[in-house]
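The values are calculated or read from the model by the stated rules, or taken from the named source; none is laboratory data. All figures in this text were calculated on a predicted structure; none of them were measured in a lab. Please note: Cβ atoms are built from the backbone with ideal geometry, for glycine as well, and neighbour counts cover all protein chains shown. Only protein heavy atoms, including side chains, enter the accessible area calculation; ligands, DNA and RNA are left aside. Shrake-Rupley method; radii C 1.70, N 1.55, O 1.52, S 1.80 Å.
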Amino acid sequence: MNCEKITYYIEKGHLTKLKLSEKLQVKLHTMICNCCKNYTPDSDVVNHVLTLLKEEDNSKTLSDEEKQSLKDALQKLGDS
Amino acid sequence: MDKLTNIDTSEWVDEYADMLYNFAAVRVSDSDLAKDLVQDTFVSALKGIDNFQGKSTVKTWLFSILKRKIIDHWRKQESRKTKPMSFFATEGAKKGKFLETYSPQGRLSEVEEQLENSELRDAITQCIGALPPKWRGIVVDKMVDEKESEEVCNNHEITPSNLWVIMHRAKVQLRDCLEKKWFA
């Protein structure tokens, strides 16, 4: 059985409506294949972890020197 | 007017530079490039100050410029490929050995529950960094910013079926990456 195709349908199903035949293939295949059955909850976890990146996160900072050179460059531009 | 502008730009940097930098860093996965985009954003903002009529906040305005620049970067980067889908043959999940070398255990949620959000973010950031560069922006655009597929296709100049294939490849690789990290 083709796990590559089945996981493709699972992911495609997150993005668009699957055809009936595709849905059926996923249903039947995940009944007999543990890998693909396990893939679905894992895929949901990946989706959720990805959304965490949306939160405003200001953990990285530019150095004071970088900020100063930015300010200088902008000042020059503003004066000209 | 000049004097006012000068004061404003220094304040912009103090107030918004880190915010813009973090936003860009997630979306381009390259810190030097992210810094360049922040600088370009401020420069464009200053040049276009006459167009800013205070209809939105300065923050919103700066972010809208930065978002535009990120999309321009994606397009420039992605238009360099001559055969749009040629990278599938060589990159991403290996053909033939699919799901065999690393079979999903369905246990990612166990770890997810135990980790702090910041740890989860670090893990996924590293895994995104391991994706082929062309996929990174597409994954972030679709999954982090949760844009409509049509808009993502438009931003990256790909077709819907390109998007499905790329998202599948990327998700398989991200899942593998997290499992290896957490259960190796």
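Numbers at a glance
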{"quantity": "HN-Hα J in Hz across region A:62-70 - Karplus 6.51, -1.76, 1.60, θ = phi - 60°, x for Gly and Pro", "calculated": "6, 6, 4, 5, 4, 5, 5, 5, 4"}
{"quantity": "Derived scalar couplings ³J(HN,Hα) [region B:130-140; Karplus, 6.51 cos²θ - 1.76 cosθ + 1.60; whole Hz; x for Gly, Pro]", "calculated": "8, 6, x, x, 5, 7, 4, x, 5, 4, 5"}
{"quantity": "Listed residue pairs exceeding 25 Å between alpha carbons, taken from A:K17/B:K142; B:K35/B:K67; A:K17/B:K69; A:K67/B:K171; A:K12/A:K60", "calculated": "A:K17/B:K69; A:K67/B:K171; A:K12/A:K60"}
{"quantity": "Cβ neighbours within 10 Å from other chains - mean over B:24-31", "calculated": "1"}
{"quantity": "Equivalent ellipsoid dimensions for the protein assembly as shown as semi-axes, Å, which come from the Cα gyration tensor, largest first", "calculated": "41, 19, 15"}
{"quantity": "Positive-pole candidate from B:V58, A:M31, B:L163, dipole of the protein assembly as shown, charges at beta carbon", "calculated": "A:M31"}
{"quantity": "Free-standing Cys residues across the protein assembly as shown, given no other cysteine C-beta under 4.7 angstrom", "calculated": "A:C3, A:C35, B:C153"}
{"quantity": "Loop-located trypsin sites (Lys or Arg not before Pro) in chain A, at most 15 other Cβ atoms within 10 Å (DSSP)", "calculated": "A:K17, A:K19, A:K60"}
{"quantity": "Charge dipole (debye, nearest 20) of region A:1-67; +1 at Cβ of Lys and Arg, -1 at Cβ of Asp and Glu", "calculated": "780 debye"}
{"quantity": "³J(HN,Hα), Karplus 6.51/-1.76/1.60, whole Hz, each residue of region B:28-41, x for Gly, Pro", "calculated": "10, 6, 7, 5, 5, 4, 4, 5, 4, 5, 5, 4, 4, 4"}
{"quantity": "Selection from B:L174, A:C3, B:V26 lying farthest towards where the dipole of the protein assembly as shown points positive, charges on Cβ", "calculated": "A:C3"}
{"quantity": "1.4 Å probe, heavy atoms, protein only - residues of region B:154-175 losing at least 10 Å² accessible area vs chain alone", "calculated": "B:W164, B:V165, B:M167, B:H168, B:R169, B:K171, B:V172, B:L174, B:R175"}
{"quantity": "Angle in degrees between helix A:3-15 and the longest Cα principal axis of chain A, rounded to the nearest 10", "calculated": "60 degrees"}
{"quantity": "Two-decimal log10 I(q)/I(0) for chain A, as the Debye equation yields it once each C-alpha is a single scatterer, q = 0.11, 0.16, 0.17, 0.23 Å⁻¹", "calculated": "-0.52, -0.70, -0.75, -1.05"}
{"quantity": "Ratio of the Cα radius of gyration of region B:2-79 to 2.2 N^0.38 Å, where N counts its residues", "calculated": "1.10"}
{"quantity": "Nearest-ten-degree value, helix A:20-32 long axis tilted from longest Cα axis of chain A", "calculated": "80 degrees"}
